[in-house]
Amino acid sequence: MLLKELLSDYKQTRQALLAANFYNFETLKGITRAAALLERPVILQLSESSIDYMGLDMAVSMARSIIREYDINAWLHLDHGSSLELLQRCLDKGFDSVMIDASEKSFEENVKISSKAVRFAESYNANVEAELGYVAKLGQKQESGEYTKPDDAKRFVELTGVNALAVAIGTAHGFYKRKPVIRLDILNMISKETPAALVLHGGSGLSDEILKGAVINGINKINLATETKNTFMKKLKFLLTHTEEIDLRKVFPPAIDEVTDLIKKKMIIIKPIDV
Ligand SMILES: [Zn+2]
């Protein structure tokens, strides 16, 4: 099933899909194994810096191989694409979905660039995500008090034709320095105003209640990056300081297990297991 079709179904049925960033083979394995164990679909995301780190070919080949091996329903997505050139490179490699992030530009510029991305991705049948509003990036001020306006979201989706829209409802990238003020009421209004699937960036460190509330109020894709990195590295640091073992094949697996546990936990929060 095409990702844009699934997201559109999820919009109707008020469900959300977990979109997890991977950084290397180990985090990829941890994420996909969780999807296999719970038999849940998952979006595998790559940011530009992860593509630079692994190489586009290597990252895509690893992801495709492991999807086959675990026999899971998974899609490849470009997270925070900064240019149409990068989008093209990814789509040519078979990505199912791309994000064009012109959220720091003016509304008009954002519309212009995002519309181009939609037209461009059409022939690939790919899902296109854009962002409207201020979702603080790492190192930026987290509390802006700026939230996406429902009217703007409606107009933006009409003008661009994007399938998915990342909205600013009080979340930020990275971990939260202070308890964020998440406006589920605004989310609910945006959800009613637009046919696009809504995306939550900055899923790391949000409470279970907020995540559940976000899904109930119209979020269809939840991005998780920082928490995965942090979980993996914390365990790895602990292991390395408590062992003389130099066989990396023995040191890495418990850190991979931690990633699997984290992803399973998030998947269950988003959609509890039927008993
Ligand atoms: Zn993001």
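The values are calculated or read from the model by the stated rules, or taken from the named source; none is laboratory data. Because the structure is a prediction, the values reported are computed rather than measured. Cβ: placed from backbone, ideal geometry, glycine included. Neighbour counts: every protein chain shown.
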Residues that are within 16 Å of the ligand (Cβ to nearest atom), touching a strand residue (DSSP E or B) at 6+ places or on another chain (Cβ under 8 Å) and in contact (Cβ under 8 Å) with a residue 12 or more places away in the chain: does the range 244-266 have at least one? yes
The residue from ASN230, ASN220 that alone is part of a strand (DSSP E or B) and either more than 16 Å from LEU28 (Cα to Cα) or touching a Phe, Trp or Tyr at 6+ places or on another chain (Cβ under 9 Å) (or both) is ASN220
Near pairs, Cβ below 6 angstrom, 6+ apart or cross-chain, from the range 116-141 (without any contact (Cβ under 8 Å) to a residue 60 or more places away in the chain and away from the ligand (no atom under 16 Å from the Cβ)) to any residue that is assigned to a loop (DSSP other than H, G, I, E, B) and not aromatic (Phe, Trp, Tyr): VAL118/GLY161; VAL118/VAL162
Filter pass, LEU187 being at pLDDT 95 or above, surrounded by 16 or more Cβ atoms within 10 Å (Cβ to Cβ) and within 15 Å of the ligand (Cβ to nearest atom): no
Within the range 36-63, which residues are within 25 Å of LEU200 (Cα to Cα), over 16 Å from the mean Cα position of the chain (by Cα) and outside any helix (DSSP H, G or I)? GLU39
Log entry, pairs with first residue in the range 198-225 being on the phi > 0 side of the Ramachandran plot, second being surrounded by fewer than 21 Cβ atoms within 10 Å (Cβ to Cβ) and aromatic (Phe, Trp, Tyr), beta carbons closer than 6 Å, six or more apart or on different chains, reads GLY205/PHE175; GLY205/TYR176
Only one residue in LEU38, LEU3, LEU28, LEU18 is surrounded by 21 or more Cβ atoms within 10 Å (Cβ to Cβ), of a type in the set (A, V, I, L, M), farther than 19 Å from ALA121 by Cβ and more than 16 Å from the ligand (Cβ to nearest atom). Which one? LEU28
Which residue is nearest to the ligand (Cβ to nearest atom), if the candidates are limited to the range 81-95 and must be surrounded by fewer than 22 Cβ atoms within 10 Å (Cβ to Cβ) and not hydrophobic (A, V, I, L, M, F, W, C)? SER82
